[in-house]
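Asks: Take this structure, written in C-alpha cells, and hold onto it; I'll ask about it next.
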Amino acid sequence: MKAFVTGITGQDGSYLAEFLLAKGYDVWGLIRRSSSFNTGRIDHLYLDPHEQPRLRLVYGDMTDGSNLSSLISEIKPDEIYNLAAQSHVRVSFDQPIYSVNAGALGTLRLLEALRSCNLPIKFYQASSSEMYGKVVETPQSETTPFYPRSPYACAKLYSYWQAVNYREAYGIFACNGILFNHESPRRGETFVTRKITRAATRIKCGLQDRLYLGNLDAKRDWGFAGDYVEAMWLMLQQNQPDDYVIATGQTRSVREFLDEVFGYLDLDWNQYVRIDPRYFRPSEVDLLLGDASKARRVLNWQPRVSFEQLARMMVDADMELARRERVIQNHGKEGAAPWSQ
Ligand code: NAP
Ligand code: GDD
C-alpha cells in the first residue's frame with residue numbers, strides 16, 4: 001500500500017507516518033522548501049540503514065495546484081491523508097487570505113488532482129472541532145450544526161464540504177475526521193498545552209520566570225495525537241466513506257491544564273503566569289466537548305491516553321529538553337562552546 005501525506009512535517013504527520021510505516025506502507029510525504037531544516041519530527045524515520053527507505057519526501061505546496069497534480073499522477077497512491085494547513089487559529093486572524101488559500105483552496109486543488117487522475121484513491125480530510133465554534137449543542141457530534149469563529153475554521157468548513165461534495169458528486173472515497181484538540185510532546189510550541197509544558201519545565205530548571213497567556217477559561221477536549229492518527233487510518237479501511245468525530249468525551253479548561261502541569265512539578269502557577277491581551281482572539285471558541293460514540297461503534301476506536309497521562313508525558317519530554325538546555329547554558333558560562341563538547 002502506498003500513502004501520500006500532506007503536512008507530514010507537522011505533529012500529526014509525524015505520528016501518522018510512523019503508524020503507516022509500521023503497517024508496511026510506502027509513505028510519500030509533501031514538504032515545503034524552507035531556508036532551515038523543517039523535518040525534525042520525522043528525521044528518525046527518514047533513513048533506515050538496514051533496508052530501502054520506505055519514506056520518501058517530495059517538495060510541494062498546497063498553494064501550487066499543478067505541482068500537486070503531477071505528484072499525484074506520478075505517485076499513484078492508494079490513500080491520501082490531507083493534513084497540511086496553516087493550523088494556528090490565532091495566526092489565521094493575522095493571515096486570513098493565506099490560511100484560506102492553503103487550508104481551503106489547497107484541499108480543493110488536491111481533490112481536483114485526485115479526480116483528474118481517475119484512480120480509486122481514498123482521501124482523508126483533516127477536519128476540525130473548530131468548525132463547531134460558537135457551539136449550538138453540547139456535546140458535539142457528527143450531526144451538530146457548524147458555527148465557525150475564525151478564518152481557520154471557515155477554511156476547514158469549506159474543505160469539509162468539498163470532501164462531502166466530491167464523495168457525493170464523483171463517488172470518491174472521501175472521509176472527514178472531525179478531530180478535537182490533540183497534543184503530544186511533538187505539538188507546536190505556540191499551541192497552549194505545549195507552551196505551558198515548555199514554560200513550566202523551563203521555570204523549574206531556572207531558565208525562565210514568567211509565562212504570558214491569554215484566555216484561561218477556554219475549555220477543550222484534549223487527547224493524544226498518537227491515538228488520533230489510528231482513527232484517520234481506520235476511516236479509510238471501512239467499506240463506505242463517512243465522517244467521524246474523534247474526541248475523548250472530556251473537557252478541561254486551560255486553567256485546569258495549568259493546575260495539572262504545575263502541580264506535577266510541585267509549582268504554583270499563580271506565581272508565574274501573567275495575562276497578556278495579545279493572546280486573546282477577536283472571537284473565541286469557549287467550549288469544545290466531543291461525542292465520539294459513532295467512531296467507537298463503527299471504527300472500534302477509543303482513546304488510550306488520559307488527560308493526566310497526556311500532561312505528564314508532555315512535561316517529562318519537555319523536562320528532558322530543559323535539562324539539556326541548562327547543561328548547554330552552563331557550559332556556555334564556563335566559556336566552552338557547547339558544539340565542541
Ligand atoms: P501542524 O503541526 O501545524 O502541521 C501542519 C503541517 O502542514 C506542517 O507539516 C506544515 O509544514 C504543513 N503546511 C502548512 N502550510 C502548508 C502549505 N502551504 N503547503 C504544504 N504544507 C503546508 O498541525 P497538526 O497539529 O499536525 O494538525 C494536522 C492537521 O489537522 C492540520 O490540518 C490541522 O489544521 C488539523 N487539525 C489539528 C488538530 C489538532 O488538535 N492538532 C485538530 C483538528 C484538526 P511546515 O512544517 O513546513 O510548516
Ligand atoms: N495558542 C494559545 N496561546 N492559546 C491560548 C493562550 C496562548 O498563550 N492562552 C490561552 N489560550 C487559549 C486559546 O484562546 C484557546 O481558547 C485555547 O487556549 C486553545 O488554543 P490552541 O492551543 O492555540 O488551540 P485551538 O483550540 O485554538 O486550535 C487547535 O485545535 C483545533 C481543534 O479544535 C489547533 O490545533 C487547530 O489546528 C485545531 O483545528
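No value in this document is a laboratory result; all are computed from the given coordinates. Because the structure is predicted, anything quoted here is derived from the model rather than measured. Here the Cβ is made from the backbone with ideal geometry for all residues, glycine too, and neighbour counts use every protein chain on show.
Asks: Find how many whole Å separate the alpha carbon centroid of the stretch 16-48 from the alpha carbon centroid of the stretch 224-262.
Replies: The distance from the Cα centre of the stretch 224-262 to that of the stretch 16-48 comes to 22 Å.
Asks: Obtain the nm distance between the two label points defined at HIS44 and GLU325 by a simple spin-label model: each point lies 7 Å from its Cα along the Cα-to-C-beta direction.
Replies: According to this spin-label approximation, the distance is 2.0 nm.
Asks: I need the phi-derived Karplus couplings for the stretch 195-210: 6.51 cos²θ - 1.76 cosθ + 1.60, θ = phi - 60°, integer Hz, Gly and Pro marked x.
Replies: 4, 6, 5, 5, 5, 4, 6, 5, 5, 4, 8, x, 9, 7, 10, 9
Asks: Which value, in debye to the nearest 20, gives the size of the charge dipole of the chain about its Cα centre, when Lys and Arg are +1 and Asp and Glu are -1 at the Cβ?
Replies: Details: 40 positive and 41 negative charges, 85 e Å.
The calculation lands at about 400 debye.
Asks: Further question on the same structure: Would you work out the relative contact order for the stretch 242-312, in percent, from Cα pairs under 8 angstrom that are 6 or more residues apart? Present the calculation step by step, with values, prior to reporting the outcome.
Replies: Values: 45 pairs, mean separation 39.1, N = 71.
Over the stretch 242-312, the number comes to 55 percent.
Asks: Here is a further query. Looking only at ALA17, ALA322, ALA311, which one moves most when the chain is put into a Gaussian network model with springs between Cα atoms under 10 Å?
Replies: Highest fluctuation among the options: ALA322.
Asks: Rounded, prolate or oblate, given the Cα gyration tensor of the stretch 1-64, with a/c below 1.5 counting as rounded? Please list the in-between numbers first.
Replies: On the way: a/c = 1.76, a/b = 1.43, b/c = 1.22.
Prolate.
Asks: Can I ask one more? Going toward the positive end of the dipole of the chain, with +1 on Lys and Arg Cβ and -1 on Asp and Glu Cβ, which of GLN250, GLN125, CYS175 do you reach last?
Replies: Going by the charge dipole, the pick is GLN125.
Asks: Something else now. Suppose only helical runs count, i.e. DSSP H with n ≥ 4. What mean residue ellipticity at 222 nm does that imply for the chain under -39500 (n - 2.57) per run, divided by all residues and rounded to the nearest 500 deg cm²/dmol?
Replies: -12000 deg cm²/dmol
Asks: Here's a follow-up. For the stretch 82-140, what class follows from the C-alpha gyration tensor (a ≥ b ≥ c being the square roots of its eigenvalues): rounded when a/c is under 1.5, otherwise prolate if a/b is larger than b/c, else oblate?
Replies: In terms of gyration-tensor shape, oblate.
Asks: Related question: Within 10 Å, count the other beta carbons around each residue, average over each peptide in 177-184, 98-105, 114-121, and list them highest first. Don't skip to the answer; put the middle values down first.
Replies: Numbers: 177-184: 25.4, 98-105: 20.5, 114-121: 14.9.
By packing density, highest mean first, the sequence is 177-184, 98-105, 114-121.
Asks: Provide the FRET efficiency to the nearest 0.05 for the ARG312-ASN101 pair, computing r from the beta carbons and using R0 = 25 Å.
Replies: 0.05
Asks: In terms of modelled amide H atoms, which long-range or inter-chain residues lie less than 5 Å from the amide H of TRP301?
Replies: Residues meeting the amide H criterion: ARG296.
Asks: How would you classify the stretch 272-325 from its alpha-carbon gyration tensor, with a ≥ b ≥ c the square roots of the eigenvalues: rounded for a/c under 1.5, else prolate if a/b is greater than b/c, otherwise oblate?
Replies: Values: a/c = 3.74, a/b = 1.28, b/c = 2.93.
It is oblate, given that a/c is not under 1.5 and a/b is not larger than b/c.
Asks: Counting pairs of alpha carbon atoms under 8 Å apart in space and at least six apart in sequence, what relative contact order in percent does the chain give? Walk me through the intermediate numbers first.
Replies: Values: 651 pairs, mean separation 57.2, N = 341.
This gives 17 percent for the chain.
Asks: Can you give the relative contact order of the stretch 43-186 as a percent, counting alpha carbon pairs under 8 Å and 6+ residues apart?
Replies: Values: 210 pairs, mean separation 36.1, N = 144.
So the answer I get is 25 percent.
Asks: Peptides 69-75, 258-264: what's the order by average Cβ count within 10 Å, highest mean first? Present the calculation step by step, with values, prior to reporting the outcome.
Replies: Numbers: 69-75: 16.9, 258-264: 19.7.
By packing density, highest mean first, the sequence is 258-264, 69-75.
Asks: Arrange the peptides 200-207, 164-171 so that the one whose residues have, on average, the most other Cβ atoms within 10 Å appears first. Mind showing how you got there, number by number?
Replies: Numbers: 200-207: 19.6, 164-171: 14.4.
Listed from highest to lowest mean packing, they are 200-207, 164-171.
Asks: Subtracting the Cα-Cα distance from 0.36 nm times the residue separation, let me have the gained length for ASP268 to GLU168 in nm, one decimal. Numbers along the way, then the final one.
Replies: Values: separation 100, 0.36 × 100 = 36.00 nm, distance 5.32 nm.
Here the answer is 30.7 nm.
Asks: Turning to a different aspect of this structure: Enumerate the amide H contacts of SER127 below 5 Å, restricted to partners 5 or more residues apart or on another chain; note that Pro and chain-start residues carry no placed amide H.
Replies: Amide H neighbours of SER127, under 5 Å, 5+ apart: GLY177, LEU179.
Asks: Now for a separate question. Of GLY290, LEU216, VAL27, which is farthest towards the positive pole of the chain's charge dipole, taken about the Cα centre with +1 and -1 on the beta-carbons of Lys, Arg and Asp, Glu respectively?
Replies: Of GLY290, LEU216, VAL27, it is LEU216.
Asks: Continuing with the same structure: Distance in nm between label sites at PHE191 and SER116, each 7 Å beyond Cα in the beta-carbon direction?
Replies: Placing both labels 7 Å beyond Cα along the Cβ direction yields 3.3 nm.
Asks: Continuing with this model, one more query. Looking at SER99, THR138, SER69, which one has the Cα that reaches farthest to the positive end of the dipole of the chain (charges on Cβ: Lys, Arg +1; Asp, Glu -1)?
Replies: It is SER99.
Asks: Please find, in a Gaussian network model of the chain (springs between Cα atoms separated by less than 10 Å), the residue of ALA126, ALA113, ALA84 whose mean-square fluctuation is greatest.
Replies: Of ALA126, ALA113, ALA84, the Gaussian network model singles out ALA113 as fluctuating most.
Asks: So if R0 is 25 Å, what FRET efficiency would LYS2 and SER70 give, r being the distance between their Cβ atoms, rounded to the nearest 0.05? Could you put the intermediate results ahead of the total?
Replies: On the way: r = 16 Å, r/R0 = 0.65.
With a Förster radius of 25 Å, E is 0.95.
Asks: Let me ask something else. Could you run the Karplus curve 6.51 cos²θ - 1.76 cosθ + 1.60 with θ = phi - 60° over the stretch 102-111 and give me ³J(HN,Hα) per residue in whole Hz, x for Gly and Pro?
Replies: Values, residue by residue: 6, x, 9, 5, x, 5, 5, 4, 5, 5 Hz.
Asks: Mind checking the full-extension length gain between GLU284 and ARG297? Use 0.36 nm per residue of separation minus the Cα-Cα distance, one decimal, nm.
Replies: Working: separation 13, 0.36 × 13 = 4.68 nm, distance 3.18 nm.
Separation in residues times 0.36 nm, less the Cα-Cα distance, equals 1.5 nm.
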